[in-house]
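Worksheet: one structure, shown below.
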Amino acid sequence: MLTKTFLNYVRAGYALLWVKSAEEARVLADFMNQVFSSKIKNADDKEEVYTTYVWDVIDGVVNYTLLKKSPEPERVTDTKSKVFGQIVSQTPGAEGSYVGKGDQGLLSPLSWLESKADDNIILFLRDFHTYLKKDCEQWHIISRKIRNLLPTFKSKGKVLVVVAPTVDIPIELEKEVTVIDFKLPEREELKIILKAVCDSAGAPYPDGSKGTEDLVEELVDAALGMTIVEAENAFSVSLVEAGKFDSSIVRREKALIVKKTGLLEVVEAHESLDDIGGLENLKDYLLSRKDTFTKEAKEFGITPVKGILLAGVPGCGKSLTAKAVASAFNRPLLRLDMGKIFGKYVGESENNMKNCLDLAEAVSPCILWIDELEKSMAGNKPGSAQEGHETTRRVFQLLLTWLQEKKTDVLLVATANSIASLPPELLRAGRIDSTWWVDLPDAVQREEILKIHLRKVKRDPAKYKSLKEVVDKTEGFSGAELEVLIKEALVHAYTKKHKELMVEDIIETIPEITPISKMQSKEIEAQHRDAKDRGIKDASKSHAVAKAPVGDMKRKVNFPGAGAAASSGPIVAG
Ligand SMILES: Nc1ncnc2c1ncn2[C@@H]1O[C@H](COP(=O)(O)OP(=O)(O)OP(=O)(O)O)[C@@H](O)[C@H]1O
Ligand SMILES: [Mg+2]
């Protein structure tokens, strides 16, 4: 069902609307259909008739009329052309046409509408947001003109509609404008596009017969987050490239489109929860929540998890877990680069954030991964330190409000090194549901991680009987450092012309790696203490004595073997 918002505003006598969308033709087609297919009554209960015009700097003012009056959404079912605005006919040369062509004419569409004797005219303005930006010389004249005209427009049912991909309103006009968020196409619309592509290519519509049971849903899932034109292109590319509809091609096309935003990236997550050593409590939690996203769980009254925060020591598996969550929950993973959110123009950062959240909502159900969240809290912000601080606050506020109010199925997974630098409001229940402290692995976990990475280099861990010594000598190593250790040991074995990787190769490589816990012991210890003080849950199960305090690198754990024995091993002086 398409939005009725526009019609409501027209009925209510709003004279300046700002529609946020990159899909001009879809906006126009949808809104015209609303106006033409509904009867708008005036105070005397008489039907009002609206005429619609579109202005842009190249064509000037052009009259648009619907070719066919039909209620949505049927209007777009039969042919593809109907979707893209060809349902409207352009009538250049109609009265008042070609007003305001060229740069000199930026005020003329406004003067034209002012001069029209008729009531009830809707004028769509294309690209007008660029002329309202402060780097356009005439912005203040245009803004003044609009403000002068609005009272008359209101009384005469004249409506200005700015259609723009961003919302960037000069403060002078803010109080006068009503912003309408025109969402990206939903499932039903995408199905119509798929049907249209089939029709125009002469390909059979995947009708649910054998082999295509889930194909339509898969294709539509893959296309969520695309505009109509992008979805149409992606479906067509799939037909051309594979000779059939292939959702992985559509997903690939979406990844490219999302990447173009420069802010979000679709990450192909191949990691599973089994690729994570340790973090037992966190994995249990994730597994227990996996089924709460189903329709049945919702019907049961369960609110799915909104957000998870993973904080902790670098290289211990936070980003790895974000990827594994996407695989475990079988959802696309969108990574948001907070560093790129902050732009140099006023309002740009907020706009960027809003665009990312909109896109994530359009792609939902999905995982939105904000990596290294706290890095966005400092540095590289626009203007003065104060202004930067304000921008950061506003961007965060957007995120918090979204988390609080969101109805769509987007799970936020945020990762950070320290919790202290994050705003406390974020951690409040109802936003982030659970926060986890991801610590250095203890002996049991180190052994598990070593085995995972041995397997990754195609070595059978069962053949490495004396891994215990490696475990003992790698206290303070993070998962990432253990991974590097195995990779380096492999090089070591190869250059020493050993026939196979041996435990000795791994042991001899250990001194080449200085763990970050040694280099930054004070910082990590402080963050660790802070997490404990805040009562943040440990992502890993405690294997009693196996864990030495961070930073105390002289202590050595005497690990008597894997499993239960680990809990009784004494700590001996190193
Ligand atoms: N617990 C673990 N089990 C298995 N492998 C691990 C683990 N922790 C880290 N690794 C390995 O180290 C790599 C880097 O870890 P990851 O990027 O998840 O660390 P991080 O906690 O996000 O670090 P940072 O704070 O620096 O972003 C992983 O891709 C994985 O190969
Ligand atoms: Mg990381």
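Numerical summary
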quantity	calculated
GLU390 versus GLU265: modelled label distance in nm, points set 7 Å from Cα along the beta carbon direction	3.3 nm
Full-stretch length increase - THR294, GLU241 - with 0.36 nm per residue and alpha-carbon distance subtracted	15.7 nm
Dmax and Rg, reported as Rg then Dmax, of the range 273-438 (C-alpha, Å)	15.9, 51
Globularity index of the range 212-335, i.e. its alpha-carbon radius of gyration over 2.2 N^0.38 Å	1.23
Stretchable slack from LYS183 to ASP127, in nm (0.36 nm times residue separation minus alpha-carbon distance)	18.3 nm
Residue order, fewest to most beta carbons within 10 Å, for CYS198, CYS136	CYS136, CYS198
Dipole magnitude of the range 412-500 about its Cα centre (Cβ charges: Lys, Arg +1; Asp, Glu -1), debye to nearest 20	640 debye
Pairs of Cα atoms farther than 16 Å apart, the range 187-260, %	40 percent
Above-threshold pairs, the threshold being 29 Å between Cα atoms, out of LYS20/LYS145; LYS191/LYS295; LYS254/LYS487; LYS407/LYS532; LYS244/LYS458; LYS340/LYS518	LYS254/LYS487; LYS407/LYS532; LYS244/LYS458; LYS340/LYS518
Sorted by Cβ density within 10 Å, fewest first, the residues PHE477, PHE128, PHE329	PHE329, PHE128, PHE477
Inter-label distance, nm, simple model (7 Å from Cα along the C-beta direction), TYR345/GLU217	4.2 nm
Net length gained if the chain between ILE141 and LYS537 were fully extended (0.36 nm per residue, minus Cα distance)	136.8 nm
Pair ASP284, GLU469: separation of 7 Å Cα→Cβ label points (nm)	3.5 nm
Around GLU271: net Lys/Arg minus Asp/Glu count, Cβ-Cβ under 11 Å	-1
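Each reported figure results from applying straightforward, stated rules to the coordinates on display, with no laboratory input. Everything numeric in this text was worked out from a predicted model, so none of it was measured. No Cβ is skipped: glycine too gets one built from the backbone with ideal geometry, and neighbour counts run over all protein chains shown.
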